[in-house]
Amino acid sequence: MTNNSTPTRFQAIDIVRGLVMIIMALDHTRDLFHITASTQDPTDLATTTVGLFFTRWITHLCAPSFVFLSGFSAWLTLQKKSESEARNFFLTRGLWLMFLEFTIVNFGIWFDIHFHSILLQVIFAIGASFFILGLLIRVNLTIIGLIGIGIIALHNLLPPAIQTENSVLKSVYTLFCRPGVLVQTPKFLMIASYPVIPWLGIFLTGFYGASFFKQKTSAERTKYFALIGLSLLCLFITIRFINIYGDPNPWTKQQSSIFSFLSFINVQKYAPSLCFCLLMLGIMMLVLSVAEKIKSNRFTNAISTYGKVPMFYYLAHWYLLHLILIVVIIAKGFTLKDIKHGPFDFGRPLAAGLDLLSVYGVWIFVVIILYPFCKWYAKYKAANKQNKWLSYL
């Protein structure tokens, strides 16, 4: 299936993807550096502050946007390849991304050569989604869209866990349906925090959505993105206000109006609830609408640079963050011997953590430092399109 009239890139997609990649780095910086990162849940309304809550909450936008736009990009890829070529590409790309998650990504997350911890996150979920899309390549596009929307709307009906003594069945359910522990020993822990099915729903919806906008002008896309975004947010407010279905954690009235509002928007990411998807994808659509009508300038070009090389940036930012973390640990008076890894332990001594303002400083520093490298790689990738391996990074 090839359509030469279909654009190979949408600038708005690169801008939004670049923006969410930048925001994503804030969450990972907080994970590694914040003084209470390993002892406090930033969305726990009993212990958090407004600033800490929103530092975490704003990053919820990243994963669903990244997954949705990955589906969007998959459809654009399909327009440039035959059906068999696209199937092979989706299957191999899916396997490659899952392999990356187990190896290069997890080493970047933990910096632990013994691999005491394996965390299956968004890269694994996207890889699995690409692989499944490869298997579904001959299915009618509308059916694929309905499957995606159906998963988003109905997967909250699945039980949080299954009651069985069959460990294999439990692991399969955890991997595909609900986050949890896959393997646990005294020295090793593997957790699936991004179960495949809920995120597949977002991916397939993005794949279908791209086809909807294929022949729309920029002005028309601006209008439709805004309309869809507002509709999703209105649906979120309605379902969340009813407080019966859509999220396993009902919102409650708090000691102040601001914390009541925080409770209302404090929706479940693991696995992404219906309310989570409506809220975050609604915001993403509105941002897409704004990005569509913004004329290209130095700022948008800089933002889109990160969006053109998301995997390169994703891998690089983890490694740079960890190198900076080692510097901070030593600067705090500790030695390399004080960095002791265990299951789900970054190895940072608690006292080597930073306050929230300093976390923002490290985040901004990392984003700026990576910009010239992302710009170089984006140019290199564009100049070497004949190199098929570059399409996997």
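Gly148 fails exactly one of the following numbered conditions: (1) part of a loop (DSSP other than H, G, I, E, B); (2) touching a Leu at 6+ places or on another chain (Cβ under 7 Å). What is the number of that condition?
It is condition (1) that Gly148 fails.
From Ser65, Ser84, grab the single residue that is crowded, with 16+ Cβ neighbours inside 10 Å, in a helix (DSSP H, G or I) and not aromatic (Phe, Trp, Tyr).
Result of the check over Ser65, Ser84: Ser65.
In segment 191-212, what residues are among the hydrophobic types (A, V, I, L, M, F, W, C), surrounded by fewer than 21 Cβ atoms within 10 Å (Cβ to Cβ) and not in a helix (DSSP H, G or I)?
The one that is among the hydrophobic types (A, V, I, L, M, F, W, C), surrounded by fewer than 21 Cβ atoms within 10 Å (Cβ to Cβ) and not in a helix (DSSP H, G or I): Ile191.
If you take the residues of segment 263-309 that are charged (D, E, K, R) and in a helix (DSSP H, G or I), which of them is nearest to Gln11 (Cα to Cα)?
Glu292
Answer with yes or no whether Leu97 is closer than 27 Å to Phe346 by Cα, in contact (Cβ under 8 Å) with a residue 12 or more places away in the chain and out of contact with any strand residue (DSSP E or B) (no Cβ under 9 Å at 6 or more places or on another chain).
yes
Quick one: which of Thr55, Thr29, Thr59, Thr43 is in a loop (DSSP other than H, G, I, E, B) and either under 23 Å from Val196 (Cα atoms) or touching a residue at least 12 places away in the same chain (Cβ under 8 Å) (or both)?
Just one listed residue meets the conditions, Thr43.
Output the number of the condition that Asn106 fails; it satisfies all remaining conditions of (1) buried (at least 17 other Cβ atoms within 10 Å of the Cβ); (2) free of Cβ contacts under 8 Å to residues at least 60 places away in the same chain; (3) more than 14 Å from Ser193 (Cβ to Cβ).
All conditions are met except number (3).
For segment 109-128: of the residues being in contact with a Gly (Cβ under 7 Å, 6 or more places away or on another chain) and not in a loop (DSSP other than H, G, I, E, B), which is surrounded by the most Cβ atoms within 10 Å (Cβ to Cβ)?
Ala128
Just checking, does segment 158-167 include any residue being in contact (Cβ under 8 Å) with a residue 24 or more places away in the chain, part of a loop (DSSP other than H, G, I, E, B), in contact with a strand residue (DSSP E or B) (Cβ under 7 Å, 6 or more places away or on another chain) and not acidic (Asp, Glu)?
no
FYI, it's all coordinate maths here, none of it is from the lab. Just so it is clear, the model here is predicted, and its values are computed rather than measured. Reconstructed Cβ throughout: ideal geometry from the backbone, glycine too, with neighbour counts over all protein chains shown.
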